[in-house]
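Working notes, beginning with the structure itself.
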Amino acid sequence: QVQLVESGGGLVQPGGSLRLSCSASDTSFSIFRMGWYRQAPGKQRELVAEITSGGIINRADSVKGRFTISRDNAKKTVYLQMNSLKPEDTAVYYCNARRMGGDYWGKGTQVTVSS
């Protein structure tokens, strides 16, 4: 069982920045495809950004130019740098790790964008 622990959420004003981190317990972290999802109240969970084991990145159109996903395999950590935050970015952000035969989720971290 892979454990994922998110951190870095909080309250930020519109236009501000936050960096989310997700640390994994599995030593085979480098082969995982890692992703960040978010779920706002009353809405379905949606993909924000993902990065493959080979470094290929995919991002939702709503965050292109503002959010960046990266990974540090030595630290078994994936990051989500969020800039120019908007109130509509408010959600619980979840880390996801996926490999053949396994799909794992963190418990989430709250991001609130409000003045």
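The values are calculated or read from the model by the stated rules, or taken from the named source; none is laboratory data. Values in this document were obtained by computation on a predicted structure and should not be read as measured data. Note: ideal-geometry Cβ built from the backbone for every residue, glycine included; neighbour counts use all protein chains shown. The accessibility values were calculated without ligands, DNA or RNA, using every heavy atom of the protein model including side chains. Shrake-Rupley method; radii C 1.70, N 1.55, O 1.52, S 1.80 Å.
Can you compute the charge dipole magnitude of the chain about its Cα centre, using +1 on each Lys and Arg Cβ and -1 on each Asp and Glu Cβ, nothing else charged? Give it in debye, rounded to the nearest 20.
Numbers: 15 positive and 9 negative charges, 19 e Å.
Magnitude of the dipole: close to 100 debye.
Can you spot the aspartates and glutamates whose alpha carbon is less than 19 Å from Lys75's alpha carbon? Ignore those fewer than 8 places along the same chain.
Partners found: Glu6, Asp26, Glu50.
Pop out the carbon and sulfur fraction of the accessible area of the chain as a percent, whole number, probe 1.4 Å. Don't skip to the end; give the middle numbers.
Numbers: 2910 of 6130 Å².
Summing carbon and sulfur atoms, their accessible area is 47 percent of the total for the chain.
Given axes a ≥ b ≥ c from the Cα gyration tensor, I'd like to know whether segment 52-115 is rounded (a/c under 1.5), prolate (a/b larger than b/c) or oblate.
Details: a/c = 2.08, a/b = 1.57, b/c = 1.33.
Note, shape of segment 52-115 comes out prolate.
List the lysines whose Cα lies under 20 Å from the Cα of Lys76, skipping any in the same chain that are fewer than 8 positions away.
Lys107
Summing Lys, Arg as +1 and Asp, Glu as -1, what charge do residues with Cβ under 15 Å from the Cβ of Val92 carry, Val92 excluded? Don't jump to the answer; show the numbers that get you there.
Values: positive: Arg38, Lys43, Arg45, Lys107; negative: Glu6, Glu46, Glu88, Asp89.
Charge balance near Val92 sits at 0.
Solvent-accessible area per residue for segment 1-62 at a 1.4 Å probe radius, Å²?
Working: 3490 Å² over 62 residues.
Here the residues of segment 1-62 average 56 Å² of exposed surface.
Most mobile of Met100, Met34, Met82 per a Gaussian network model of the chain (Cα springs, under 10 Å)?
Most flexible of the set in this elastic network: Met100.
For Lys64, list the lysines whose Cα falls under 22 Å from its own Cα; do not include residues on the same chain fewer than 8 positions away.
Here the lysines satisfying the reach criterion relative to Lys64 are Lys43, Lys86.
How large is the dipole of segment 39-103 about the Cα centre if only Lys and Arg carry +1 and Asp and Glu carry -1, each at its Cβ, rounded to the nearest 20 debye?
160
In a shell of Cβ-Cβ distance under 13 Å around Gly16, excluding Gly16 itself, what net charge do Lys and Arg (+1) and Asp and Glu (-1) give? Each step should come with its number before you reach the end.
Values: positive: Arg19, Arg66, Lys86; negative: Asp89.
Local charge sum for Gly16: +2.
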